[in-house]
Structure formats: structure tokens, C-alpha cells
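To start, the structure itself, in C-alpha cells.
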Amino acid sequence: MARLFYSDAGKGRPIVLLHGFLETHVIWKEFSKNLEKDFRVLAFDLPGFGQSALPEKTPFTLNDIAAQINEVLLQLALKDVFLIGHSLGGYVSLAMVGSNPEIFSGFCLFHSTPRADTEEKKEARTKTIDFVKKNGALAFTSNFVPPLFADPNHTAVSEVKQMASLTTEETVIHYLGAMRDRPEQTSVIKNFPKPMLFIAGEKDSVIPVDTLLEQSKLTKNASIHVLANVGHMGMVESPMDCLRIIRDFLSRFA
């Protein structure tokens with residue numbers, strides 16, 4: 001199995017943080033510092049991002065990625081893990097919970113959705129793959145980040161753009177394909193018997209808030225919070241509000 005990097009700090013109930021597309025575990029730096037005061041926090045670089053090697057076997061599915069991370073959690077003998085996944089990390093989280101629900105005490109979809117791509121979105125991802133093959137990763141990643149923010153001039157945009165610029169062409173192409181081909185995961189929402197949290201951005205252009213409000217009603221175990229004047233990057237657009245929401249949520253299920 002390809003090597004997986006993760007930071008591991010703090011003591012207490014375990015929390016696992018999974019970043020989004022073109023990010024690394026560094027996107028969670030404010031979260032990690034805050035949560036480590038009361039929890040054991042593991043922030044992963046998904047395979048192919050940051051310091052984690054891309055899977056040796058390609059193409060891969062998001063289920064394959066989920067299995068890699070779950071294997072690490074099982075090797076560490078972690079129990080009652082609270083899982084937080086941003087965007088792509090949320091897709092991986094759903095696959096992790098779907099295959100090994102016994103590991104988890106609950107999870108948070110952070111600007112993410114259990115829905116599969118629409119046919120229109122699938123076509124767009126295929127076109128992006130062709131673009132990256134022709135023009136390289138940087139031609140794509142350099143323009144990807146600003147629209148994720150409610151304010152494209154936000155001070156964090158340059159840092160996230162720098163993070164995205166380090167992503168290899170191979171990683172971009174394989175994850176675009178894996179996201180395009182991921183299955184519907186609403187059954188995980190309906191069947192998981194433990195607490196779930198949705199965090200949505202009022203101005204999210206990637207995951208419309210109306211769809212998440214609808215999905216949160218699929219089970220009585222879910223709570224949803226909508227962040228005002230926030231796009232798709234709540235952990236850097238409004239970190240203190242997000243931390244308060246997560247801490248309040250966890251305090252209810254101590």
C-alpha cells in the first residue's frame with residue numbers, strides 16, 4: 001500500500017480531518033490547533049496530495065481511497081472516531097462510513113454531498129480531464145480556487161492557490177475521474193444510526209445550500225448549519241464560526 005501521511009496530536013476523543021480537492025492537511029491548521037486542546041486530531045493528506053503517495057494502482061475509486069484510510073484507523077485501533085470531510089473529503093468520508101460504520105461515532109459533511117454527479121457535471125469533469133492532459137495541471141489549478149470563495153479577494157485565496165499549484169497532473173486527472181464516477185451515497189445518510197452534521201455555505205457555488213437542506217432531512221440523526229456570506233471554504237472563510245458549530249455539536253454527544 002502507498003504511504004499515507006497524517007498529523008496526529010492532542011489527546012481525547014479522536015477526530016479525523018479530510019481535506020478537499022487540490023488541498024492538503026494544512027488547510028485544517030486553525031482547526032487542528034483549536035481542537036487539539038480537547039481531542040486527538042488526525043489530519044490526513046489524501047493519497048496523491050501533500051506528503052501522501054498516489055495509489056500504486058490507477059485508476060482508482062473513492063472507495064479505494066476510503067479503504068486506505070480506514071485501514072490506518074483500524075491499525076491504530078481507533079474507536080468512536082468523529083470524521084470531518086471537506087468537499088472531496090466528504091465523498092471519501094461517506095465511503096469510509098459506508099464500509100466500516102463501526103469505527104465512527106458520527107461524521108460531518110463540510111461543504112459536501114452524498115449525491116452523485118449529475119450528467120452535466122460528469123461531462124464537465126471529462127472535459128476538464130481533457131483540458132489538463134492537453135495544457136497541464138497548473139493551467140487548471142491556477143483558476144480553480146477564487147470561485148470557491150464568497151469573496152474572490154479573500155486573504156486566504158493566495159495560500160490556497162499555492163497549495164493547489166503543487167498538485168501533480170496525474171493526481172488531478174485521477175481524482176477528477178474518481179469524483180465523476182462516484183456512486184450515490186444517500187443510503188449512508190439514511191442508514192447510519194449515529195449523529196451527522198452538515199455545514200453549508202450560503203454562497204457556495206459548488207454545493208448549493210438548498211440541496212443540502214433537503215439532504216439533511218433524509219434522517220432524523222442529522223443537523224445542518226448554514227454559514228452566512230460563506231462560499232465553499234468555511235474552514236478559512238469563517239473558521240471560528242465553524243469551530244463553534246463543531247464543538248457545540250460534539251458536546252451534545254459526549
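The values are calculated or read from the model by the stated rules, or taken from the named source; none is laboratory data. Source: prediction; values computed, not measured. Positions of Cβ are backbone-derived with ideal geometry, glycine not excepted, and every protein chain shown enters the neighbour counts. Keep in mind that these areas ignore ligands, DNA and RNA; they rest on the heavy atoms of the full protein, side chains included. Shrake-Rupley method; radii C 1.70, N 1.55, O 1.52, S 1.80 Å.
Worth pointing out:
- Residue in the stretch 40-60 that is of a type in the set (Lys, Arg), farther than 19 Å from Val81 by Cβ and either open to solvent by 40 Å² or more (accessible area, probe 1.4 Å) or in a strand (DSSP E or B) (or both) present: yes
- Test: residue in the stretch 84-97 that is farther than 18 Å from Met235 by Cα and polar (S, T, N, Q): no
- Residues within the stretch 69-78 that are touching a residue at least 60 places away in the same chain (Cβ under 8 Å) and either open to solvent by less than 20 Å² (accessible area, probe 1.4 Å) or touching a strand residue (DSSP E or B) at 6+ places or on another chain (Cβ under 8 Å) (or both), tallied: 3
- Within the stretch 213-254, considering residues that are assigned to a loop (DSSP other than H, G, I, E, B) and at pLDDT below 95, the one most open to solvent (accessible area, probe 1.4 Å): Lys220
- Checked against (1) touching a helix residue (DSSP H, G or I) at 6+ places or on another chain (Cβ under 8 Å); (2) surrounded by 14 or more Cβ atoms within 10 Å (Cβ to Cβ); (3) within 25 Å of Phe31 (Cα to Cα), Ser105 passes all but condition (1).
- Output for the stretch 161-202, where each listed residue is part of a helix (DSSP H, G or I) and either farther than 27 Å from Asn143 by Cα or among the small types (Gly, Ala, Ser) (or both): Ala164, Ser165, Gly177, Ala178, Thr186, Ser187, Val188, Ile189, Lys190, Asn191
- The set of residues in the stretch 79-102 being outside any helix (DSSP H, G or I) and either β-branched (Val, Ile, Thr) or open to solvent by 10 Å² or more (accessible area, probe 1.4 Å) (or both) consists of Lys79, Asp80, Val81, Ile84, Ser87, Asn100.
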